Amino acid sequence: MQTRVNNGSAMRITMALLVGSLLVGSAAAAAPAAGVAPGKKAPGFNLNVMNGDADATVRLRDLVGKRPKTPAKLVLVSFFATWCKPCKAEMPILQAIHQTLGPKGVKVLSVVVEGADDRPQKEILEEIEGWTTARGVTFPILYDPFLKDVVAKRYLGQAMQLPGVYLVGPDGTVKAAWHEKRDDLQTLIEEHLK
């Protein structure tokens with residue numbers, strides 16, 4: 001038995017399949033399933049600083065890459081949320097790394113991952129600021145001004161597993177990545193400084 005499809009129907013089906021594949025492809029490109037792997041180029045970002053200078057922004061390309069303005073030997077990019085228990089336990093470790101390895105060229109940055117929260121942005125930012133202040137955090141806490149977690153999704157992938165810690169080398173590639181609280185994190189970073 002033969003089924004006949006007129007040209008108009010065939011065209012609509014072809015267009016629907018094409019548009020569907022483009023949408024699926026662009027979603028996959030925006031948020032990779034597994035996140036950034038060591039050896040790959042670290043996704044760039046330009047994020048606002050919550051603590052310290054309220055008007056400041058941090059751009060990864062100012063720290064690493066071809067022509068950084070203020071070069072770092074290594075950049076530690078951590079992703080956290082206030083509701084994440086391992087993230088809370090990791091903050092003192094990150095603060096210690098900031099204090100001891102900062103003078104040796106390691107820049108510590110933490111990026112807030114709170115975009116699924118339906119509360120007003122001001123309320124969310126005040127909570128995060130209070131949360132980090134109570135923990136004595138002095139390294140930059142960064143946030144997406146629209147709280148959409150765009151940068152986090154580019155690093156962490158679709159799983160958004162927290163905490164997520166990425167060590168970026170001076171050439172802009174990811175040297176190492178961890179998706180768990182590591183008590184030995186400072187030692188692991190010191191290995192990359194050698």
Among strands (runs of 3 or more DSSP E) entirely within segment 81-181, at least 2 residues that are in contact (Cβ under 8 Å) with a residue 40 or more places away in the chain and open to solvent by 10 Å² or more (accessible area, probe 1.4 Å) occur in 174-178
The residue that is nearest to residue 102 (Cα to Cα), considering only those in segment 58-80 that are over 15 Å from the mean Cα position of the chain (by Cα) and open to solvent by 80 Å² or more (accessible area, probe 1.4 Å), is 73
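The values are calculated or read from the model by the stated rules, or taken from the named source; none is laboratory data. Everything numeric in this text was worked out from a predicted model, so none of it was measured. Every residue, glycine as well, gets a Cβ built from its backbone with ideal geometry; the counts of neighbours run over all protein chains shown. Note: areas computed on protein heavy atoms with side chains; ligands, DNA, RNA excluded. Shrake-Rupley method; radii C 1.70, N 1.55, O 1.52, S 1.80 Å.
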